[in-house]
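Have a look at the structure below, then the notes.
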Amino acid sequence: MSLIALGINHRTAPVELREQVAISGERMSDALHDLAALPVVEEAAILSTCNRTELYCAMQDDALDALAEWLGHFHHLDPAQIRPHLYSYPNDDAVRHMLRVAGGLDSMILGEPQILGQMKEAYQAAADAGTLRAALSRLFQHTFSVAKQIRTDTAIGESPVSVAFAAVSLAKQIFGDFEEQTALLIGAGETIELSARHLNEQKLGRMVVANRTIERAHRLAADFKGYGIGLDEIPAHLAEADIVIAATSSSEPVVTREMVKRALKGRKHRPVFMVDIAVPRDIDPAVAELEDIYLYTVDDLQEVIEENLKSRQQAANQAEEIIDVQVARFMAWLRAQDAVSTIRDYRERAERSRDQVLAKAQQMLANGRPAQQVLDFLAHTLTNKLTHEPSVKIRQAAENGDAELLQAALELFNLSKDQ
């Protein structure tokens, strides 16, 4: 069995392609079942965020082409369009990649904490879909444990650095003072919550939260003395917003060009700073063509992100050392699973031999043979059955000069050359 991680992320593909291969929550179950139905796939999980879509599989062999073909066909795309942007990691490299992703070492912002929650959601979705068994289940649990260790034992999470923080930092450069500004936050997930927190810390004047579930919008807005609205109310409130940050899971833009154009008239063309963190995008890219609009995507935040990398690099180096140790530990466990089946098969064969010899001995007793004769037969025959095949293999190894197998036999049977 091979472990494989195959995916596409912010380093290998532009946002336009990433949004085409993103798998939304409502499609995740179907995607997992479809992926697990491939003949070569034994276990499957999928992580899909604004910056990456990754497949984690336990497979019969390294059938990477089958995974690449599946990813393309599932999205009705030509696999050749995706293949140049894919990366793949087998076995221990797959384990290392998962640990690095969960620890925030492979994120756009080094050490960002949201990815661990997203990894847990990926695990839960696969568990609910029934596409996990022993290997991937254990790997996910190991991953969560290592990510926690990295957060505890290093300083990688001390600075408030995230996509949300980068967005607010960029807005701060444009407006300087937030006390007179109004922000419209679209969505109510973790990224929007972080954005709200950072804006509140910067003494934002007013906050409006729009979400498909209006109760959730009200709950989040209440934490920051704002108010919540439904997505259908956005056109009525867009003209109020100096800052717009969007991060929903919608498959279609929730803010259109016409919507923004009308809002600008109501604002008398006062500028609006907009950040679209979502993949697929929440804000129609054509909005950027309008005057007085400053529209940024997750890719545009890279400069802000780079500024925050330096303080985390030393902690990242420490985290890499932890990961090296934990990869070796997990691979040792995985190799031991192969031994479990070998041990089980060996014990079952020994028990079959025992039962056969015991049945003959019981028949001998039933036929009136002396008990001592039957015990001698039982001990002699069972010993011969258990030692015959190993003895033949050891003799053949000696004849072939196979010193490695002979040494392994000494260790396996706890023997020494002096015995």
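None of the figures in this text is laboratory data; all of them are computed from the coordinates on show. In this text the structure is predicted, and so the values were computed from the model without any measurement. Glycine gets a Cβ as well: all are built from the backbone with ideal geometry, and neighbour counts include every protein chain shown.
Once R0 is set to 22 Å, what does the formula 1/(1 + (r/R0)^6) return for the Cβ-Cβ distance between residue 268 and residue 302, expressed as a FRET efficiency to the nearest 0.05? Intermediate results must be reported in sequence, preceding the final value.
Working: r = 33 Å, r/R0 = 1.49.
The computed FRET efficiency comes out at 0.10.
Would you mind counting up the charge near residue 116? Only other residues with Cβ under 13 Å from its Cβ, with Lys and Arg at +1 and Asp and Glu at -1.
Combined, the nearby Lys, Arg, Asp and Glu give 0.
Taking Cα centroids, how far is segment 157-221 from segment 286-344 in Å?
Comparing the Cα centres of segment 157-221 and segment 286-344, I get a distance of 24 Å.
If I stretch the segment between residue 236 and residue 343 completely, what's the gain in nm (0.36 nm per residue apart, minus their alpha carbon distance), one decimal?
Contour length minus Cα-Cα distance gives 31.6 nm.
How large is the charge dipole for segment 2-158, taken about the Cα centre, if only the Cβ atoms of Lys, Arg (+1) and Asp, Glu (-1) carry charge, to the nearest 20 debye?
About 440 debye.
Please identify, among 154, 256, 387, the residue showing maximal mean-square fluctuation in a Gaussian network model of the chain using a 10 angstrom Cα cutoff.
387
At 0.36 nm per residue, and after removing the present C-alpha to C-alpha distance, how many nm does the segment from residue 335 to residue 388 gain when stretched out fully?
Length difference between fully extended and current span is 16.3 nm.
Which is farthest toward the positive dipole end of segment 1-157 among 38, 110, 63, measuring Cα position about the Cα centre, with Cβ charges +1 (Lys, Arg) and -1 (Asp, Glu)?
110
Does segment 1-109 come out rounded, prolate or oblate, given a ≥ b ≥ c as the square roots of the eigenvalues of its C-alpha gyration tensor, rounded meaning a/c under 1.5 and, failing that, prolate meaning a/b above b/c?
rounded
Alpha carbon centre of segment 248-284 versus segment 50-92: separation in Å?
Each part's Cα centre sits 32 Å from the other's.
Order these by the 10 Å Cβ neighbour count, fewest first: 382, 3.
382, 3
Just from its helices, what would the mean residue ellipticity at 222 nm be for the chain, if runs of 4 or more DSSP H residues each count -39500 (n - 2.57) and the sum is divided by every residue, rounded to the nearest 500 deg cm²/dmol?
Numbers: 16 runs with 235 residues, N = 419.
Roughly -18500 deg cm²/dmol at 222 nm, from the helical runs in the chain.
Pull up all non-local amide H partners of residue 42: gap of 5 or more, or a different chain, and H-to-H distance under 5 Å with H placed in the peptide plane.
58, 59, 60
If the reach is capped at under 17 angstrom between alpha carbons, list the lysines near residue 203, excluding any in the same chain fewer than eight residues apart.
By straight Cα distance, residue 203 reaches 172, 225.
Order by neighbour count: 213, 152, 297, fewest other Cβ atoms within 10 Å first, most last.
The fewest-first ordering by Cβ neighbours comes to 152, 213, 297.
To make sure I understand, if each residue's beta carbon is the centre and we count other beta carbons within 10 Å, what order do 195, 107, 250 fall in, fewest to most?
In order of increasing Cβ crowding within 10 Å: 250, 107, 195.
Quote the FRET efficiency, to the nearest 0.05, computed for residue 213 versus residue 351 with a Förster distance R0 of 60 Å and r equal to the Cβ-Cβ distance.
0.55
Where is the GNM fluctuation largest for the chain (alpha-carbon springs, 10 angstrom cutoff): 351, 306, 26?
351
Between 138, 312, 349, find the one with the highest GNM mean-square fluctuation for the chain; connect C-alpha pairs within less than 10 Å.
Highest fluctuation among the options: 349.
What does the charge add up to near residue 206, with Lys and Arg as +1, Asp and Glu as -1, over the other residues with Cβ less than 12 Å from its Cβ? Intermediate values should be presented prior to the final figure.
On the way: positive: 203, 225; negative: 179, 180, 240, 242.
The answer is -2.
Please report, in debye to the nearest 20, how large the charge dipole of segment 121-236 is about its Cα centre when each Lys and Arg carries +1 at its beta carbon and each Asp and Glu carries -1 there.
340 debye
Treating only the Cβ atoms of Lys and Arg (+1) and Asp and Glu (-1) as charged, compute the dipole magnitude of the chain about its Cα centre; round to the nearest 20 debye.
That gives the chain a dipole magnitude of about 1180 debye.
Just check the chain against the gyration tensor rule for me: Cα atoms, a ≥ b ≥ c as the square roots of the eigenvalues, rounded for a/c under 1.5, and otherwise prolate or oblate depending on whether a/b exceeds b/c. Before the final figure, lay out each step's value.
Details: a/c = 3.15, a/b = 2.82, b/c = 1.12.
Taking the square roots of the gyration eigenvalues as a ≥ b ≥ c, the chain is prolate.
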